[in-house]
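*Asks:* Can you read through this structure? Questions will come right after.
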Amino acid sequence: MIEEVKKLMDKYLIWLREKTILREVEDWVEITTPYLDRHNDYLQIYVKRNNGGYIISDDSYIIEDLRQSGCELESKKRKELLKLTLNGFGVKLEGNALTITASEDNFALRKHNLVQAMLVINDLFYVSKPAVISLFLEDVAAWLDLHKIRYIARINFIGKSGYNHSFDFAIPPSEKNPERIIKTINHPDREIAQAYAFAWIDTKETRPPNSKAYAFINNTDHESPSSVINALKNYDINPVLWSNIEEMKEELVA
């Protein structure tokens, strides 16, 4: 099994390297990543030398795109959630730009953290209807609280690669069930599924034996692509549609 997982990780890293494109833009280097946003455009980040190291930025893309889509981040709760999410990846908000500093030694790790933060924040806060006030993450937390399911929220684990990975909830093991790790997916697409798959593959070997991963998928007002469901299953992640969430109660409570 270890060799199988190693091959999967090697394939992922080869794909990441081959699909990354660099271009000089004045004092910056533009990095076009293979990750797609919800407009099917490739995510881009920008790198510049800074005090013997590097500064990496999304040039305000994620926050501005959310606001143009009708998702404001002005409420106290959303600001706190944004700050908590950014802190989990070591990313700062400067104006509307997501930024992170790096040295030559940790550049790959810091670049990875910024891209993951961009994907997570975009999915976390994006709502398809401007009138929707609650976030999917809040709905999941409320459901767990309602059923008195104990959990740790917004938890980070270091994977075998040394990369930091953020998960939304971790339910401690019990006599009947092992540790259960949950990621919420608000706007399911290939990029989110692929990022979660890599996070789980990288983290799994560092967690207790038999730990399980779940993806809670918001299908309230949109269908969940079968390709996303199948991709998650292929990487030993249990997809759970929000419309079927009550079926999971006993498995999570115990």
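Let's see how each residue does on (1) among the hydrophobic types (A, V, I, L, M, F, W, C); (2) under 26 Å from Lys111 (Cβ atoms); (3) in the same structural domain as Asp37 (by TED's automatic domain parsing); (4) assigned to a strand (DSSP E or B):
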site: Ser174; (1), (2), (3), (4): no, no, no, no
site: Pro178; (1), (2), (3), (4): no, no, no, no
site: His187; (1), (2), (3), (4): no, yes, no, no
site: Ile192; (1), (2), (3), (4): yes, yes, no, no
site: Ala195; (1), (2), (3), (4): yes, yes, no, no
site: Asn210; (1), (2), (3), (4): no, no, no, no
site: Ala215; (1), (2), (3), (4): yes, yes, no, yes
site: Ser224; (1), (2), (3), (4): no, no, no, no
site: Pro239; (1), (2), (3), (4): no, no, no, yes
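*Asks:* Which residue, of Ala195, Ala170, Ala199, Ala153, is in contact with a helix residue (DSSP H, G or I) (Cβ under 6 Å, 6 or more places away or on another chain), of a type in the set (Gly, Ala, Ser) and at negative phi?
*Replies:* Ala195
*Asks:* Right, next: For region 1-49, how many residues meet the condition of being among the acidic types (Asp, Glu) and in contact with a Lys or Arg (Cβ under 6 Å, 6 or more places away or on another chain)?
*Replies:* So the count comes out to 2.
*Asks:* With the checklist (1) under 18 Å from the mean Cα position of the chain (by Cα); (2) crowded, with 19+ Cβ neighbours inside 10 Å; (3) not polar (S, T, N, Q) in hand, flag the one item Lys233 doesn't pass.
*Replies:* Only one criterion is unmet by Lys233, namely (2).
*Asks:* Just one of Trp143, Trp200 is closer than 18 Å to Gly88 by Cβ and not in a strand (DSSP E or B); which is it?
*Replies:* Only one candidate passes the filter, namely Trp200.
*Asks:* Would you say Glu4 is at pLDDT below 90, exposed (fewer than 15 other Cβ atoms within 10 Å of the Cβ) and over 22 Å from the mean Cα position of the chain (by Cα)?
*Replies:* yes
*Asks:* Among all residue pairs at least 6 apart or on different chains, which show Cβ distances below 6 Å where the first residue, located in region 44-59, is in the same structural domain as Leu114 (by TED's automatic domain parsing) and the second is surrounded by 15 or more Cβ atoms within 10 Å (Cβ to Cβ) and in a loop (DSSP other than H, G, I, E, B)?
*Replies:* Close Cβ pairs satisfying both conditions: Ile45/Asp58; Tyr46/Asp59.
*Asks:* Here is a further query. Please find, within region 19-65, the residue that is surrounded by the most Cβ atoms within 10 Å (Cβ to Cβ) out of those that are part of a helix (DSSP H, G or I) and not hydrophobic (A, V, I, L, M, F, W, C).
*Replies:* Per the stated criteria, the residue is Tyr61.
*Asks:* When you scan region 185-205, do you find a residue that is within 13 Å of the chain's Cα centre (by Cα), of a type in the set (Asp, Glu), closer than 28 Å to Glu4 by Cα and at pLDDT below 90, even just one?
*Replies:* The answer is yes; a qualifying residue exists.
*Asks:* Would you mind stating whether Leu241 is modelled with pLDDT of 90 or more and surrounded by 19 or more Cβ atoms within 10 Å (Cβ to Cβ)?
*Replies:* Judged against the criteria, Leu241 is not a match.
*Asks:* So which residues in region 212-228 are surrounded by fewer than 17 Cβ atoms within 10 Å (Cβ to Cβ) and out of contact with any helix residue (DSSP H, G or I) (no Cβ under 7 Å at 6 or more places or on another chain), if there are any at all?
*Replies:* Asp221, His222, Glu223, Pro225, Ser226
*Asks:* Can I ask one more? Among the candidates Leu93, Leu16, which residue alone is modelled with pLDDT of 90 or more, within 15 Å of Leu114 (Cβ to Cβ) and of a type in the set (A, V, I, L, M, F, W, C)?
*Replies:* The conditions single out Leu93.
*Asks:* Being under 19 Å from Leu73 (Cα atoms) and crowded, with 22+ Cβ neighbours inside 10 Å: is that true of Ile192 here?
*Replies:* no
The values are calculated or read from the model by the stated rules, or taken from the named source; none is laboratory data. Quick caveat, the model's predicted, so the values are computed rather than measured. FYI the Cβ positions are ideal-geometry reconstructions off the backbone, even for glycines, and counts take in every protein chain you see.
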